[in-house]
Amino acid sequence: MLNKTITNCEIKNADTRSIDMNDAMQSTDAEQHPLCLTRKEQQVLHQILEGRSNAEISANFSRSIRTIEAHVSSILSKFNAQNRLEVIIRTQNEPWLNPA
């Protein structure tokens, strides 16, 4: 049986998704971002900030468009944003949110 300490990021996100082993492995990355973005979400966020579409991001990471859509949806949710433009504006107004 695997014992794991529950992090603040997991508590924040518990109502929107279940915790699995991939989340457990990425928890240290998420803890470093103020909005608990995973490493992959941070990578996708960079692509969003560069103006790339889901299809372009999908090709860049060799992942399905559905996977990228899931990452984008999670990013929007964590930023409490309705669309990519709100995320872009927020990272410009609050640069500490941009995982440079």
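The values are calculated or read from the model by the stated rules, or taken from the named source; none is laboratory data. These numbers were taken from a predicted model, which means no experiment stands behind them. Here Cβ is always computed from backbone atoms with ideal geometry, including for glycine, and neighbour counts include all displayed protein chains.
Whenever a residue of region 27-41 is at pLDDT below 90, its partners that are outside any helix (DSSP H, G or I), lying with C-beta atoms within less than 6 angstrom and at least six residues away or across chains, give the pairs SER27/THR7; ASP29/THR38; ALA30/CYS36; ALA30/THR38; GLU31/THR7; HIS33/PRO99.
Against the test of being of a type outside the set (Ser, Thr, Tyr) and surrounded by fewer than 16 Cβ atoms within 10 Å (Cβ to Cβ), the options LEU85, LEU76 yield a single qualifying residue, LEU85. Cβ-Cβ contacts under 8 Å between residues 6 or more apart (or on different chains), taken from a first residue in region 79-100 that is over 12 Å from GLN42 (Cα atoms) and modelled with pLDDT under 80 to a second residue that is surrounded by 11 or more Cβ atoms within 10 Å (Cβ to Cβ) and charged (D, E, K, R), are absent. Within region 49-73, being among the hydroxyl-bearing types (Ser, Thr, Tyr), exposed (fewer than 14 other Cβ atoms within 10 Å of the Cβ) and over 20 Å from LEU35 (Cα atoms) holds for SER53, SER62, SER64.
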